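Step one of this worksheet: look at the structure below.
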Amino acid sequence: MRCGEAVNKNKHLITADQREYQQELKKNYGKLKENLRPMIERKIPELYKPVVKVNSTRESFRNQSFRKYDAQTSQST
């Protein structure tokens with residue numbers, strides 16, 4: 001995407017004697033984009049898996065709430 005933006009920006013900055021160079025840039029950018037398309041559009045299943053999987057059988061993780069914690073700490077003081 002950034003390469004495409006650079007090619008377009010370059011088009012506005014060139015002088016008349018650099019038009020051939022600009023055409024070559026556009027052509028090469030098109031080739032680059034076409035060659036990278038399979039990698040860019042490919043969906044990698046590993047990227048969509050959860051990062052951390054929690055397998056806990058401890059009930060305290062599921063049932064503990066901040067209210068219970070606050071009640072416990074206020075009773076002990």
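Summary table below
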read-out: Where LYS68 falls short, out of the listed (1) charged (D, E, K, R); (2) in a helix (DSSP H, G or I); (3) at pLDDT 70 or above; value: (3)
read-out: Pairs, first within 15 Å of LYS11 (Cα to Cα) in region 22-41, second assigned to a helix (DSSP H, G or I), C-beta under 6 Å, six or more apart; value: GLN22/LYS11; LEU25/VAL7; LYS26/VAL7; TYR29/CYS3; TYR29/VAL7
read-out: Region 1-34, subset among the β-branched types (Val, Ile, Thr) and more than 30 Å from the chain's Cα centre (by Cα), residue most open to solvent (accessible area, probe 1.4 Å); value: THR15
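The values are calculated or read from the model by the stated rules, or taken from the named source; none is laboratory data. Worth saying up front: this structure is predicted, and the values here are computed from it rather than measured. All Cβ positions, glycine included, derive from the backbone under ideal geometry; neighbour counts span all protein chains shown. Note: accessible area is taken over every heavy atom of the protein model, side chains too, but ligands, DNA and RNA are not part of it. Shrake-Rupley method; radii C 1.70, N 1.55, O 1.52, S 1.80 Å.
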